[in-house]
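Working notes for the structure below.
Each value in this text was obtained by applying a stated rule to the coordinates, not by laboratory testing. Worth saying up front: this structure is predicted, and the values here are computed from it rather than measured. Positions of Cβ are backbone-derived with ideal geometry, glycine not excepted, and every protein chain shown enters the neighbour counts.
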Amino acid sequence: MFRPTQRSLDSEQVTVEARAPGEWIVGTPTGGRHLHVYRLAADDWLVSEVGRRNEGRGLNLAHALTALAAGTSSQLWWRLVPAALENTIER
C-alpha cells in the first residue's frame with residue numbers, strides 16, 4: 001500500500017501521494033490545484049492539473065512541467081516537484 005509523504009523544500013512543503021507505481025498526486029498543504037504526475041516510461045512523463053483538462057508531456061519531469069506551464073499559469077511550487085519525487089521514483 002502506498003502512503004502519502006511530505007517533504008519540506010525551500011521552506012515550502014510539497015505533499016506527494018504515491019497512487020501506484022509511476023503515478024503520484026503532488027500538491028501543497030495550503031490547498032489549490034494538485035498535479036497528477038505519471039511516469040509512463042523512462043523518457044516519457046505526463047503531468048496534468050487535477051480537475052482540469054490540461055497536460056504537459058516531456059522526456060523528463062521538468063520538461064513535462066514546462067509543457068504544462070505553456071498552456072496555463074504555472075504555480076511557483078511546481079519547480080519543487082522534481083526534487084520532491086526524486087527519492088520516490090523507481091529507477
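Worth pointing out:
- Dipole moment magnitude, nearest 20 debye, region 5-85 about Cα centre, only Lys, Arg, Asp, Glu C-beta charged: 140 debye
- Using the Cβ-Cβ distance between residue 52 and residue 19 with R0 set to 25 Å, the FRET efficiency from 1/(1 + (r/R0)^6) comes to roughly 0.90.
- log10 of Debye I(q)/I(0), alpha-carbon scatterers only, for region 28-71 at 0.33 Å⁻¹: -1.11
- For region 5-85, dividing the convex hull volume of the Cα atoms by the residue count gives 84 Å³ per residue.
- Taken along the Cα-to-beta-carbon direction at a fixed 7 Å, the label points for residue 43 and residue 83 span 2.8 nm.
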